[in-house]
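Everything on this sheet refers to the single structure shown next.
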Amino acid sequence: MSNILFAASEVFPLIKTGGLADVAASLPRALTRVGQNVRIILPAYTPVMKAAADIELKKLKSFDVDGKLVTLWKTKLPETRVTVLLVDIPEFFERDGNPYCGSDGRDWPDNAQRFYWFAKVVRLVALNQAGLKWPVDIVHCNDWQTGLIPALLSRDSARPKTVFTIHNLAYCGVFPHQEFLDLNLPDEFWHYESLEFHNQICFMKGGLVYADHITSVSPTYTEEIQTPERGHGLDGLLRHRQEHLSGILNGIDVDEWNPATDKNLTKTYNRRTLDKKQINKKALQEQLGLVADPDVPLLGFIGRLVDQKGIELIITLLPLLIAKGYQIAVLGSGNRQYEKSLTALAQQHRENLSVTIGYNEALAHQIKAGIDIFLMPSLYEPCGLNQLYSLRYGTIPVVHAVGGLRDSVTDYSESEQGITANGFLFYSFTSEALLNAILRAARSYQDKTLWRKLQNNGMSLDLSWLHSAQQYLDLYNRVLGKPEESSQSIQTESALV
Ligand code: ADP
């Protein structure tokens, strides 16, 4: 058994802006189930402290770190035994709203300071110097907000091993040189082989340069980020660290996302009672003001309305899809221009198109259960969770063949007689290619036997975290120089299906 300190900037359900929060909750839970001793460490943002107060909140320690008073609190991940340590530095984390930006959508101006100080405290906990009497074997860091942790620890001789997971390389945490000076970081870090990146400081590089091992959240994305096209200027560094880089596909929380027990649904269902999915379709159509027609293909999109998600391809196609009589349900928020275009189209086509701007967890579940086809035309997708949730809900994904989408969806035409097929892929990032895939899906939808087969194939997959947790465990053991508990090689771990 190892002691694993899992550092993240968001954890569901305490605070969430995207898939990272889901992973930061599910992976520690799964690791606990396979016998590891895991503690999550998270900044004590105001909404987190409020949520924790309703669960369990215990003050552990208060101490001075270079003139700042830091308090460590302890709570639990709701409905689990997993401990969450909260790093409370009021001047940085006592703010309402989003962990990264204010209500105007702009990044907090002191983000470099905030996550530097978080890293400083995590380092002390990792070195067992925060008075917790808990020696750490592995510090598992996630994305740029935790990038300085491996960098700071690299200067300590007796330190735990570090693993750094890239959830999205596009967000690197890059700040002007002045921030580097203000943080008073050691001079040796100002070097192109260290944190310096085109005369700026890059927090992500702290993880990429100094972690004992780097992972990303799917095998295909791991390949993609080693190319100039998807490497965001860091592909050379990643190729250099190839021997310490591997891809492990995320799992999903199969309790949270279970159509057989989901309290958000009008009617729960499973593989054997798939007919009841129709009841959810009808309820969704009524709820969203769409015509309650059981036979019309109902398409859906849920996610951040940003370029990465390929939302412009969908917007381009909407008039055509509506003209074909299809229905579409969209839930998301993000880029104001996308929000406006979608809302305007929905006002013109109320019976076919529903657009909900905002974040709504319950509606996300209802859409997953009620729609027939889930659209995920992402330009790139490190792993993607929405296609995995769709597979579990008997909703057929239509996805761009990149990253984790490529690793989790098997196209009908590519699978021999559809034996393992569970969705539709398209290969070039154009609205024509997406349209083609949608039309193929809509044609298959008319063939009820084939459709049921695709649904069954998706619903039969083991998408649970246990499979991925086992791979992380093997990796930790390898990094620690312990014998592996499974014979599988992580480097060659292939797709889910
Ligand atoms: P990313 O992490 O890039 O945003 P993922 O597909 O990996 O994309 O994960 C997105 C997560 O956020 C999923 O759990 C998804 O259901 C959820 N989500 C995104 N936007 C919304 C929204 N507007 N309402 C509810 N859930 C949302």
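The values are calculated or read from the model by the stated rules, or taken from the named source; none is laboratory data. The structure displayed is predicted, hence computed values, not measured ones. Using ideal geometry, Cβ is built from the backbone for each residue, glycine included, and neighbour counts are taken over all protein chains shown. Ligands, DNA and RNA are stripped out before the accessible areas are found, and what is left, the full protein with its side chains, is counted by its heavy atoms. Shrake-Rupley method; radii C 1.70, N 1.55, O 1.52, S 1.80 Å.
Relative contact order of region 152-261: 26 percent, from C-alpha pairs under 8 Å at least 6 residues apart in sequence. Sequentially through region 285-292, phi angles give Karplus couplings (6.51, -1.76, 1.60; θ = phi - 60°) of 4, 5, 4, 8, x, 8, 5, 7 Hz, Gly and Pro residues having no value and appearing as x. Between amide H atoms placed 1.01 Å from N, distances below 5 Å from LEU385 occur with no residue 5 or more places distant or on a separate chain.
Placing +1 on the Cβ of every Lys and Arg and -1 on the Cβ of every Asp and Glu, with nothing else charged, gives the chain a dipole about its Cα centre of roughly 1360 debye. Using the Cα coordinates of region 271-459, the gyration tensor eigenvalues translate into equivalent-ellipsoid semi-axes of 23, 20, 15 Å, sorted from longest to shortest. In region 271-459, a dipole from Cβ-located charges (positive for Lys and Arg, negative for Asp and Glu) runs towards its positive end, and of LEU353, VAL306, ASN457 it is ASN457 whose Cα lies farthest in that direction. Simple spin-label estimate for ASP295 and LYS263 gives 3.9 nm between the two label positions (7 Å along the Cα-to-Cβ direction from each Cα). All other residues whose Cβ lies under 13 angstrom from that of THR227 are scored, Lys and Arg at +1 and Asp and Glu at -1, for a net of -2. For the chain, the longest principal axis of the alpha carbon atoms and the long axis of helix 336-348 meet at an angle near 20°. A crude spin-label estimate for the pair ASP307 and LEU450, with each label 7 Å from Cα along the Cβ direction, gives 3.7 nm. Using only alpha-carbon positions in the chain, the gyration tensor eigenvalues give semi-axes of 39, 24, 23 Å once each is multiplied by 5 and square-rooted (largest first). Counting only protein chain heavy atoms and rolling a 1.4 Å probe, the accessible areas of ASP293, ASP275, ASP255, ASP54 rank, largest first, as ASP54, ASP275, ASP255, ASP293.
Residues ARG336, ARG29, ARG106 ordered from highest to lowest accessible area at a 1.4 Å probe: ARG106, ARG336, ARG29. List the GluC sites (Glu not before Pro) within region 65-160 that fall in a DSSP loop (any state other than H, G, I, E or B) and whose Cβ has at most 16 other Cβ atoms within 10 Å. The qualifying sites are GLU79, GLU94. Relative contact order of region 1-133: 22 percent, from C-alpha pairs under 8 Å at least 6 residues apart in sequence. Amide H contacts of ILE214 (H built 1.01 Å from N, in plane; Pro and chain starts excluded): PHE164, LEU245, SER246 sit under 5 Å, all sequence-distant by 5 or more or on other chains.
Of the residues LEU249, TYR210, GLY231, the one whose Cα sits farthest towards the positive end of the charge dipole of region 198-252 is TYR210 (charges of +1 on Lys and Arg Cβ, -1 on Asp and Glu Cβ, taken about the Cα centre).
Rounded to the nearest whole Hz, the Karplus-based 3J(HN,Hα) values (6.51 cos²θ - 1.76 cosθ + 1.60, θ = phi - 60°) of region 60-65 follow the sequence 9, 8, 10, 8, 9, 10, with x at glycine and proline. So who's got an amide H within less than 5 Å of the one on VAL136, skipping anything under 5 residues away but keeping other chains? H placed 1.01 Å off N, in plane. Here the answer is ASN128, since their amide H atoms fall under 5 Å of that of VAL136. Between the listed residues TRP144, LEU127, PHE164, the Cα displaced farthest toward the positive end of the dipole of region 112-175, a dipole computed from Cβ unit charges relative to the Cα centre, is found at LEU127.
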